């Protein structure tokens, strides 16, 4: 830290085993923090107290620390290496310390993003970390997260419950190292469990439901090409690397089991690509297999064309999944006006068009469009997901 100043009342008990700061005020270039803090000097080292911060720049603090830190946007140098890092995480940092800290931060800078109104209760005892909960303000509504990680156990179990009405798409794009700007907010509901010493190990053992939707966002054309190149190439859709793509809607519902995510409902409507579909992603093997139904222009009409996207996450391949008879059917469908683009409405992400919807596709609407409510007893992790996600899981089972 630089330009540091510290004020407050310091007391040292007779045994000399701790330091106590009352009415402390710590100011530096990276932060402004005040509150009451106690620091244990004997083994295990301890930290406790209640603090308030008007600003806290974690990016600046991490940049000057000796801890390993992979900045957002950094990709694996070896093109043949794993997409998800298998570098061990710093679990040793959780061992040999105790902590009980309650913090309120007006502005937290992390990942080049400023987070507002952050409330946090953190406990660390005998290698077990518990965050219950972390709350912060987002444009789409307050986010709540519960996290546990136990470094005292050999299998290193981790659990995460997340209720996020609007995670900035720009932040996710930055961490995924996608080129260009992004706008919009992603609504995420999930309750996941995993275990392992690295990010790859955790991903390979993921279990639990996952729900994500968004409307009215945008992504750079270069990012769309990187994410959907297999489907675009299979359909012969050319997208300029310059400019941006409007995202009218996006939705995905599924669940993970032993690192394999099975998604029964996928919907995407953008400037260049409209599609629905289903499939799975194997995070252990880092492969995917999706069957998508994009709308392509045939004889001047929009027709749903089946496309298979499969292969390694780093370089998936796309191909048309249509036999000669199917291709004739697509042509006939095009002659009679083709399919109407109803991706967003069929997924329940937008009001239905004037034309009637089929009973099969309209079944998705109550799943994605359902109002989310979030209730819990104070200080306890919810035993299940919010109702919208529970309904989503039930709908997935009913479609099997």
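The table below lists the values:
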item: Qualifying residue in segment 268-282 (condition: touching a residue at least 60 places away in the same chain (Cβ under 8 Å) and under 26 Å from residue 85 (Cα atoms)); result: no
item: Residue satisfying condition, being under 16 Å from the mean Cα position of the chain (by Cα), at pLDDT below 90 and not assigned by TED's automatic domain parsing to the domain that holds residue 110, within set 166, 208, 236, 254; result: 166
item: Criterion violated by residue 61 - all others in (1) on the phi < 0 side of the Ramachandran plot; (2) part of a strand (DSSP E or B) satisfied; result: (2)
item: Enumeration of residues in segment 177-199 that are more than 22 Å from residue 128 (Cα to Cα) and in contact with a strand residue (DSSP E or B) (Cβ under 9 Å, 6 or more places away or on another chain); result: 178, 179, 180, 181, 182, 183, 184, 185, 186, 187, 188, 189
item: Unmet requirement for residue 247, which otherwise passes all of (1) closer than 28 Å to residue 306 by Cα; (2) within 14 Å of the chain's Cα centre (by Cα); result: (2)
item: Matching entry among 160, 129, 120 (being buried (at least 18 other Cβ atoms within 10 Å of the Cβ) and more than 26 Å from residue 37 (Cβ to Cβ)); result: 160
item: Among the residues listed as 101, 108, 120, the single one being outside the structural domain of residue 188 (by TED's automatic domain parsing), in a strand (DSSP E or B) and in contact with a helix residue (DSSP H, G or I) (Cβ under 9 Å, 6 or more places away or on another chain); result: 108
item: Index of the failed condition, residue 257 passing every other in (1) surrounded by 22 or more Cβ atoms within 10 Å (Cβ to Cβ); (2) within 24 Å of residue 84 (Cα to Cα); result: (1)
item: Residue ID - nearest to residue 47 (Cα to Cα), chosen from residues in segment 94-110 that are buried (at least 17 other Cβ atoms within 10 Å of the Cβ) and within 23 Å of the chain's Cα centre (by Cα); result: 105
item: Residues of segment 235-247 satisfying the condition of being in contact with a helix residue (DSSP H, G or I) (Cβ under 7 Å, 6 or more places away or on another chain), at negative phi and surrounded by fewer than 19 Cβ atoms within 10 Å (Cβ to Cβ); result: 239, 240, 241, 242, 244
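The values are calculated or read from the model by the stated rules, or taken from the named source; none is laboratory data. All of these numbers come straight from a predicted model, not from anything done at the bench. Neighbour counts are summed over all protein chains in view; Cβ atoms, including those assigned to glycine, are modelled from backbone coordinates with ideal geometry.
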